[in-house]
Every structure is written in C-alpha cells, then in structure tokens.
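Colleague: Sharing a structure below in structure tokens format, with a few things to ask.
The values are calculated or read from the model by the stated rules, or taken from the named source; none is laboratory data. Predicted model only: the values in this text are computed from it and were never measured. Note: ideal-geometry Cβ built from the backbone for every residue, glycine included; neighbour counts use all protein chains shown.
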Amino acid sequence: MPDNTTPQTPQSDEPLPGAKSPAGAGASQDDATQSAQTSDTGQSDNGNATSPLSAPETTLLAMQKELDEMTEMAKRAVADLQNFKRRTDEEKSGLIVFANLTFLQAIFPVIDNFQRAFQHIPQELTEKEWIKGIFAIEKQFMDTLKTLGFEEIGCEPGTPFDANFHEVVMQAPGEKDMILECFEKGYQFKDKVIRPAKIKVGDGSVNPSNSTFPTQNTAPPTNA
C-alpha cells in the first residue's frame, strides 16, 4: 500500500533570518534600561550644581561650627568676668566710702568743739606756746582728713547762699540771700555733702551798701 503520511520537515535550532534570539532580546532590554538610568542620572546632576561633600569636608565644617560656638562662649565668659569685676570694684568702693562717712560723722562733735574752743580763747593767751600747740594739732588733724577727701564747705559772711551746700536756720535784715553769719560749718566728702553749713542770711530789707557782717561765728541756736 502506498504511504499517505505527509513527510515532516526537519526542525533546525538555527534562528530564522531577521529574528532575534531570546537571549539577545533580554540583553537589549537591559541595555535600554541602563541607558535610561544613565540619562536620568545625568539630568539630575545637571539640575543640582552642588556636588556631594566628601567625608573630610563634612568633618571640617563640623569642626569649624564647633570652633565658632566655643569662641562665642569664650567671649561671653570674658564679658561676664569683666562685669563681675566692675561690680565687685564698685561694691568695694561703696563699702569704703560708707565706712569713711560713718567715721567722719562720728568725729563731727570733736571738730565742732575745736572750733568753739578757738572762738573763746582770750586774746592775751593766743601767743602762748601751748595755745599755738593746740592750733597746730587741730590743723594737722584737719589736713589728715583732707587727704581722705574731707573738705570744709565755705560759709564766709558776705558770700551768696547756695542751697546745695548751706542750710538756712535764721534770717535777719540784710542783703537778700547773702550769708550774714555761719553758726555751724558744713563738710563734704569726695564732692558729696555730708553736712550742710548752718547759716543766717539776709531777708532783703536792708540796702547792700549798709550791710555789715560779724567778724566771728557764734554758736548755733539750741533746739528747745
């Protein structure tokens, strides 16, 4: 019997002309993906002008920031120390002034008694050596106080009244606001008045040309 089976064409492993192998297709797809990624990276680099810092640069910036912070802290510490020293010096000076004022106020009666005693020395005794010695002691005592900044406030008769240095305790006929008499001397310490001078001034009822001033001080009026 004749064989009616259609003969089969033998299959070959070689690809047909123009066809791509599966392996080649995969490689081509990988190349396209890599090319796209490269393109994206290039666009990103072009869009950002700042390049990433290296590790040494990052460390250097951190150290510079820390140095700036420490420098600022040091400046503040120096300023605080200077302010503390200034406050301490001011407090020390204040304590010294307070101590001196307390001492000076305590010896005011001694100074006043010297002045009152000198006003009542008889004229015939002023040339005695022991009287001259008392005057010398009083002068030395006052000169020593002056070296500490202690000064007498002027209140000579015929000079104008100054409310910053004088305290009016009496008025009498005379030229207006002119000192007629000083009852108690005043004193200042380092340009600060610690006791104003107690004085008598004119009330303006007498012509200045007719005004007369006493040559000696008298004791201040006593309080009742």
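Colleague: Out of curiosity, is Gly149 farther than 17 Å from Lys198 by Cβ, surrounded by 13 or more Cβ atoms within 10 Å (Cβ to Cβ) and modelled with pLDDT under 90?
Modeller: Answer is yes for this residue.
Colleague: How many of the residues making up region 161-200 are over 30 Å from Thr102 (Cα atoms) and assigned to a strand (DSSP E or B)?
Modeller: Of the residues in that region, 8 qualify.
Colleague: Then there's this: Among the residues of region 136-146, are any β-branched (Val, Ile, Thr), surrounded by 10 or more Cβ atoms within 10 Å (Cβ to Cβ) and at pLDDT below 90?
Modeller: No, region 136-146 has no match at all.
Colleague: Yes or no: Met178 surrounded by fewer than 17 Cβ atoms within 10 Å (Cβ to Cβ) and of a type in the set (A, V, I, L, M, F, W, C)?
Modeller: No: the conditions fail for Met178.
Colleague: Only one residue in Val97, Val110 is among the β-branched types (Val, Ile, Thr) and touching a residue at least 40 places away in the same chain (Cβ under 8 Å). Which one?
Modeller: When all the criteria are applied, what remains is Val97.
Colleague: Specify which of the listed residues (Glu181, Glu167, Glu138) is touching a Pro at 6+ places or on another chain (Cβ under 8 Å), closer than 30 Å to Gly94 by Cα and among the charged types (D, E, K, R).
Modeller: Result of the check over Glu181, Glu167, Glu138: Glu167.
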